[in-house]
Amino acid sequence: MAARGAPYLDELNPAQRAAVEALDGPVLMLAGAGTGKTKALTARIVHLLNTGRARPNEILSVTFTNKAAREMKDRVGRLLGQSIEGMPWLGTFHSICVKLLRRHAELVGLKSNFTILDTDDQVRLMKQLIQAAGIDDKRWPARMLAGIIDNWKNRAWTPANLPASEAGAYDGKGPQLYALYQARLKELNAVDFGDLLLHVVTIFQTHDDVLQQYQRWFRYILVDEYQDTNVAQYLWLRLLAGAHKNICCVGDDDQSIYGWRGAEVGNILRFEKDFPGAHVVRLEQNYRSTPHILAAASGVIAGNKGRLGKELWTEAEEGEKVRLIGHWDGEEEARWIGEEIEAMQGGTRGMRPIRRDEVAILVRASHQMRAFEDRFLTIGLPYRVIGGPRFYERMEIRDAMAYFRVVTSPSDDLAFERIVNTPKRGLGDKAQQTIQRIARANGVPLVQGAALAVEQGEIKGKGGTELARLLDGLTRWGRLIGDASVSHVELAEMILDESGYTGMWQNDKTPEAPGRLENLKELVKALEQFENLQGFLEHVSLIMDNESDDTEEKVSIMTLHAAKGLEFPAVFLPGWEDGLFPSQRSMDESGQVGVEEERRLAYVGITRAEEVCTISFAGNRRVFGQWQSALPSRFIDELPEAHVEVLTPPGLYGGGYGAAGMGGVQSSIDARVAEANVYNSPGWKRLQARAGQRPVAQPGEARNTVIDMKAVSSHSVGERVFHQKFGYGAIIGIEGDKLEIDFEKAGTKKVVARFISAADD
Ligand code: ATP
Ligand code: MG
């Protein structure tokens, strides 16, 4: 049976080979990162084909991303020595379900040419239903309902089988709206993302003949990243494998990072129950990383409770210790990493030369990417952002930029079209057509067309009033461009505030809104490095052009989530600070569930590295526009000292960390204390000036500042405030209702508290 001597088998170790050759019956491969699960899964496909067990179109093979599916196809083709176009059922759950649903759409009341709604369409539709039901969608936002319904779909709950426990959802209206929403989708011949799977499960459950047909057709089923399947996906797999039970799932409980999207690690444990007699394979040899990297990852993940538990070992040479470095702030971190990558290309610290495309930067939150994108563009280091738009391609950033463009060049019609009804000003298609018509008839840009439309009373009602307000604003902001009393950064903030754009996201109670606000703050922060708005806009248009050459070697930037299953010789893990990683939200959660998922994410991050892994943190970072001093992540304390080398940053203050001595994690923590003294040093003000920063609060204070800003109206030292006359400044002392404030332009003054407001309100 085993094609002896076949190269794809010879490449495997005995445990992997056993998993590959156990073709019939259920197989569960449960093993840590880099142990060759995906490699074995790929070999298994080749083996099925080679031994004639199945034809390419009879193998159902599920990967987590389309990219992973493409790679697997390529590898199978290479191992087989022929191109393998005929694997139609190798893909993600979603891509496979789209195909199945198109074939059987009529069984759930759809036509085969149904459309798939994206999130925006989905929310818009829900909003209509919510309003029609007379519910206040300010209090009960449509996105909230969308989240609830997605969650139900992940659990394979249709309106008909929704458990009683959900009756109270969305003010008790959730179940009813869910039913209405599904009915409306049917009328529209549309589905949302969650439906793709749910409809197919429903079809399988209600049409035994169809199910049997696919049970026979998919002779073998393979699933990668099994730890991240949700209940609906699990049901789908169990139905399809129910007859022949030829299912092979591979996963790692320590890499389960989609709990927040309904994935259930419990599926791994259920597998052995649902498929009794499953052949369970454990792999322990890691082929990816050096011993130091593995030990660091193992040390961190050991902090989680309730793990299935596994040991990893490697034969690889010891290599570099995991490198840990602290920086002054996030910009400095980006600068250092850029320089380090350049140095690595020539070979540094005794390492071999490392190409750009062998390097990845893995961030916890996408807003961290901007600092890297800007820095790399400045030094001409080619990069690509994987999985998700680059910073300047995000919707809110493009909206904001469109505002800046209209203000700086009023004839920019594209930009005007983008913003005229964002936020909603009651200027629908009809009003916009009117503006277009008038502009064309007079041969003027849209802004002027709009002004004429207002003058001539062509746009009535709320739309007309709002449009007049917008045009007033544009004129006013335009005049401030050359005005020395207002910096371009303040002007940008003013434009976003006064146009109602910031407010639009502040009033948006959806899960994405805080991230979008954060990105807007990032944008304003980016502006500080430029002389004026125009210079900034030019910089960005260059960034947008940067994508040109795809054959070029590029550094990869992506989130930790997107990095799952991938590997790189050199990995940078920036932003290891409490509140960022682990995220504030996970730390606020009661119990350890949230932090444990973050810890698994840390494990995923470290185990992506083959040769060099560099973890970094910054002492100061701006969050929601506030300078905040951050403490190094608790995960840093969990790194086993013997496998970590603390690097000395080039720092603005002359290698502060080095002063604390080398050797181990503890010293990095000592360094934190040493660094705190820097805040009190006489050179402090000078350093701030050199860094071009606003006053930075001392550790601890800044943290409180942010909380104070949100929760209570009273002020605290370190808080950034705005005074009508003196402008922006930071509070340096409080005496009763008098505040001592260090104003950026006006110097230090005492003012009465009621005349100032929080800078970012
Ligand atoms: P993850 O959990 O991160 O998805 P994995 O278990 O899927 O990891 P793979 O990506 O399959 O691991 O393999 C990790 C690396 O080890 C790959 O570069 C792969 O080619 C290599 N590898 C796997 N098995 C072997 C082996 N038996 N001999 C040599 N190299 C191997
Ligand atoms: Mg894998």
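Read the figures in this text as sums done on the coordinates, not as results from a lab. For clarity, every value in this text was computed on a predicted model and none was experimentally measured. When we count neighbours, we look across all protein chains shown, and the Cβ atoms used for this are built from the backbone with ideal geometry, even at glycine.
Details
- Rounded to 10°, Cα long-axis angle of helix 174-187 versus longest principal axis of the chain: 80
- Taking every alpha-carbon pair under 8 Å whose residues sit at least 6 apart, segment 115-188 reaches a relative contact order of 28 percent.
- The angle between the Cα long axis of helix 330-346 and the main principal axis of the chain comes to about 50°, on a 0 to 90 degree scale.
- Segment 187-337: relative contact order in percent, alpha carbon pairs under 8 Å with at least 6 residues between: 18
- R0 of 22 Å, Cβ-Cβ distance LYS127-LYS430: FRET efficiency to nearest 0.05: 0.65
- Principal-axis tilt of helix 593-606 within the chain, Cα atoms, nearest 10 degrees: 80
- Projected label points at ASN189 and GLN205, each 7 Å from Cα along the beta carbon direction, are separated by 2.7 nanometres.
- Remark: ILE325, ILE397 ranked as ILE397, ILE325, counting other beta-carbon atoms within 10 Å and listing the fewest first.
- Each helix, a run of at least 4 DSSP H residues, gives -39500 (n - 2.57); summed and divided by the residues of the chain, these come to -14000 deg cm²/dmol at 222 nm.
- 5 angstrom amide H check on ASP329, placed H, neighbours 5+ away: GLY619, ASN620
- Listed residue pairs exceeding 25 Å between alpha carbons, taken from LYS273/LYS305; LYS153/LYS424; LYS525/LYS745; LYS153/LYS305; LYS73/LYS554; LYS37/LYS310: LYS153/LYS424; LYS153/LYS305
- In sequence order, calculated HN-Hα J values of segment 27-35 (Karplus, 6.51, -1.76, 1.60; Hz; x Gly/Pro): 10, 10, 10, 10, 7, x, 4, x, 8
- If the segment from SER485 to GLU740 were pulled out straight at 0.36 nm per residue, it would be longer than the present Cα-Cα gap by 89.5 nm.
- Working from Cα pairs under 8 Å separated by at least six residues, relative contact order for the chain is 13 percent.
- The ranking of LYS138, LYS37 from fewest to most other beta carbons within 10 Å of each one's beta carbon is LYS138, LYS37.
- Values of log10 I(q)/I(0), in the order q = 0.08, 0.10, 0.11, 0.18 Å⁻¹, for segment 457-613 under a Debye, Cα-only, solvent-free model: -0.42, -0.63, -0.74, -1.21
- For the chain, a simple Cβ point-charge model (Lys and Arg +1, Asp and Glu -1, everything else neutral) yields a dipole of about 1560 debye relative to the Cα centre.
- Considering segment 166-282 at the alpha-carbon level, its Rg and Dmax are found to be 16.6, 49 Å.
- Each residue in LYS245, LYS99 was given a count of other beta-carbon atoms within 10 angstrom of its own, and listing them fewest first yields LYS99, LYS245.
- Efficiency of FRET from Cβ geometry, LYS509 and GLN456, R₀ 35 Å, rounded to 0.05: 0.35
- Ranking ASN532, ALA453, ALA492 by how far each Cα lies toward the positive end of the dipole of the chain (charges on Cβ) leaves ALA453 at the top.
- Judged by the gyration tensor of its Cα atoms, with axes a ≥ b ≥ c, the chain is oblate; a/c meets the 1.5 cut and b/c is at least as large as a/b.
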